[in-house]
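First comes the structure, then the notes that go with it.
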């Protein structure tokens with residue numbers, strides 16, 4: 001719903017790559033920005049509070065080099081969308097932290113884990129020039 005994982009990935013990508021790359025986060029359905037991601041992203045100095053959830057239908061430009069999907073449903077939509085375009089589609093299966101139940105701290109820990117896994121994956125796939133990430 002473009003409310004948790006994808007906005008996290010967009011914020012992380014922009015943190016490390018700034019304006020060197022074009023990043024645009026969309027989802028299969030439009031949801032509401034999850035306040036837990038605002039909190040856990042703020043912990044690493046990334047402000048996502050102004051993110052407005054978007055869907056694939058909101059895309060105005062389809063000239064992407066790489067499309068990364070984080071859920072099976074998004075993967076199917078991305079493959080369908082890019083069927084006639086010359087771009088790579090990658091699937092990074094990412095746990096949905098909204099499924100975690102429990103107290104506030106348990107839920108925040110789930111969001112932090114997803115954030116940290118996305119950050120590690122992004123830095124492996126799109127390393128910062130001059131830095132090697134294992």
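The values are calculated or read from the model by the stated rules, or taken from the named source; none is laboratory data. A quick note: this is a predicted structure, and the numbers were derived from the prediction, not measured. Don't worry about glycine lacking a Cβ; one is built from the backbone with ideal geometry, like all the others, and counts go over all protein chains shown.
Overview of values
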read-out	value
Pair list, Cβ under 9 Å, 6 or more apart: the range 83-97 residue loosely packed, with under 10 Cβ neighbours inside 10 Å, other residue part of a loop (DSSP other than H, G, I, E, B)	86/65; 93/70; 93/71
Number of the condition not met by residue 57 [criteria: (1) outside any loop (DSSP other than H, G, I, E, B); (2) exposed (fewer than 13 other Cβ atoms within 10 Å of the Cβ); (3) in contact with a helix residue (DSSP H, G or I) (Cβ under 7 Å, 6 or more places away or on another chain)]	(3)
Lone qualifier among 114, 89 - being in contact with a helix residue (DSSP H, G or I) (Cβ under 7 Å, 6 or more places away or on another chain) and outside any helix (DSSP H, G or I)	89
Residue within the range 96-109 that is within 18 Å of residue 18 (Cα to Cα) and either assigned to a loop (DSSP other than H, G, I, E, B) or in contact with a helix residue (DSSP H, G or I) (Cβ under 7 Å, 6 or more places away or on another chain) (or both) present	no
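Conditions tested, residue by residue: (1) more than 22 Å from residue 119 (Cα to Cα); (2) at pLDDT below 95.
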position	(1), (2)
27	no, yes
42	no, no
77	yes, yes
102	yes, no
